[in-house]
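The values are calculated or read from the model by the stated rules, or taken from the named source; none is laboratory data. Keep in mind that this is a model prediction, so the values were computed, not measured. Positions of Cβ are generated from backbone atoms using ideal geometry, with glycine treated the same way; all protein chains shown enter the neighbour counts.
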Amino acid sequence: MNIWIEQQRALIDFTLASLARRKARNLGLLAVYTLLVFVLASVALFSHALRHEATRVLADAPEIVLQRLVAGRHDLIPPGYLEKIGNIRGVQKMEGRLWGYYYDPVIKANYTFMVPSAGGVERGTIVIGAALERVRGLALETGISFRAYSGKLYSFVVADILPHDSELVSADLVLMHEDDFRTFFEFPAGHYTDIALAVANPQEVRNIAAKLAAALPDSRPILREEMLRTYASIFAWREGIVLAILSGAILAFAILAWDKAAGLSAEEKREIGILKAIGWETGDVIRMKIWEGVLISLTAFLVGYVAAYLHVFRGGGVLFEPVLKGWAVLYPRFQLAPEIDGLAVATLFFFTVVPYTAAVLVPIWRAATTDPDAVMR
């Protein structure tokens, strides 16, 4: 075992010296290789971190959200729905929710007006998200006015500002008292935007949803797992857009890597001929060239992946942020939590390191099995 290790160490030393003799060629290939790994790893890390963040945020979402449809459009929940739902076995808790959208012509952005389920907001006051505070230049105890869709002007005092670490879901949020909400939107008494339900047995969520659809034919139950799938699909779609845009660069690198790995220069062939002439076996030459491919591809992978990690989790992924995060007037500022998918790392490693290393085998085997005198001539 020790002898084999010493042989591999000697091969690696010789391979490094051989690479140093062709410094410009190998550094150029290494730079392009590293850049490709950096781009692919950045997209993979960013997308996976966003999926993880969405999963974490939606972990506390209602198991079922019930909406009412009229002519295929979302409509208000009328009185009597809560009583009907209460008669369905398996429903542990239900709550009518009040929320809606308001367009602010001042900054040309939509706000989400909502009545918190736990209350805590007094009449005439509001609690706002950090992005709204930043864009409108608001502060505690300052006043702000909104013109309702009826044309009336309503003024509110900022009582509190939501924490910055919740900005992903609260950037455009405005929390207010129920009476203020119903007055501002002229909501009829007893009506709600939708109903949030909790189920006693998580395994029965789909059965409860089917019962709700049967008891209330004009309703649409939305499951939490469906929300998660929707977010996953959105991020996968955006990731696909980035990769499609980069497909030309990926193809160009594949051609370059194959050409560099598969096409031996006259200097390399002469070097192989000399090694064969001084007593190197064919297997030694092949192992030396395999080590060359492994060293280049592994170095590019490690440097590219570490650079991608720093780019995404320390630099905010500035290169791909607008595409993968989305864009809005009230843009949330949040730091992605470091999250690495082992399967994604293994897949990226397989498709970047293995092909290049394998590409050197055929040309090296041909050169190594040729007569040394013919190769040197």
Count, please, the residues in the range 63-113 that happen to be touching a Leu at 6+ places or on another chain (Cβ under 8 Å) and without any contact (Cβ under 8 Å) to a residue 40 or more places away in the chain.
-> 1
When you go through 178, 167 one by one, which is the residue that is surrounded by fewer than 18 Cβ atoms within 10 Å (Cβ to Cβ), in contact (Cβ under 8 Å) with a residue 24 or more places away in the chain and acidic (Asp, Glu)?
-> 178
Exception for residue 297 within (1) buried (at least 16 other Cβ atoms within 10 Å of the Cβ); (2) small (Gly, Ala, Ser); (3) at pLDDT below 75 falls at (3)
Just wondering, is there one or more residues in the range 108-116 that are at pLDDT 75 or above and either assigned by TED's automatic domain parsing to the domain that holds residue 353 or over 24 Å from residue 222 (Cβ atoms) (or both)?
-> yes
Looking at the range 56-65, is at least one residue part of a helix (DSSP H, G or I), touching a Gly at 6+ places or on another chain (Cβ under 9 Å) and surrounded by 13 or more Cβ atoms within 10 Å (Cβ to Cβ)?
-> no
Under 25 Å from residue 233 (Cβ atoms), at pLDDT 60 or above and crowded, with 16+ Cβ neighbours inside 10 Å: does that describe residue 351?
-> no
Verdict on residue 28 being without any contact (Cβ under 8 Å) to a residue 40 or more places away in the chain and in the same structural domain as residue 339 (by TED's automatic domain parsing) = yes
The one condition in (1) within 19 Å of residue 171 (Cβ to Cβ); (2) at pLDDT 90 or above that residue 56 fails to fulfil = (2)
Within the range 117-147, residues modelled with pLDDT of 85 or more, under 26 Å from residue 77 (Cβ atoms) and exposed (fewer than 15 other Cβ atoms within 10 Å of the Cβ) come out as 122, 123
Mind counting the residues in the range 205-247 that are exposed (fewer than 15 other Cβ atoms within 10 Å of the Cβ) and among the charged types (D, E, K, R)?
-> 5
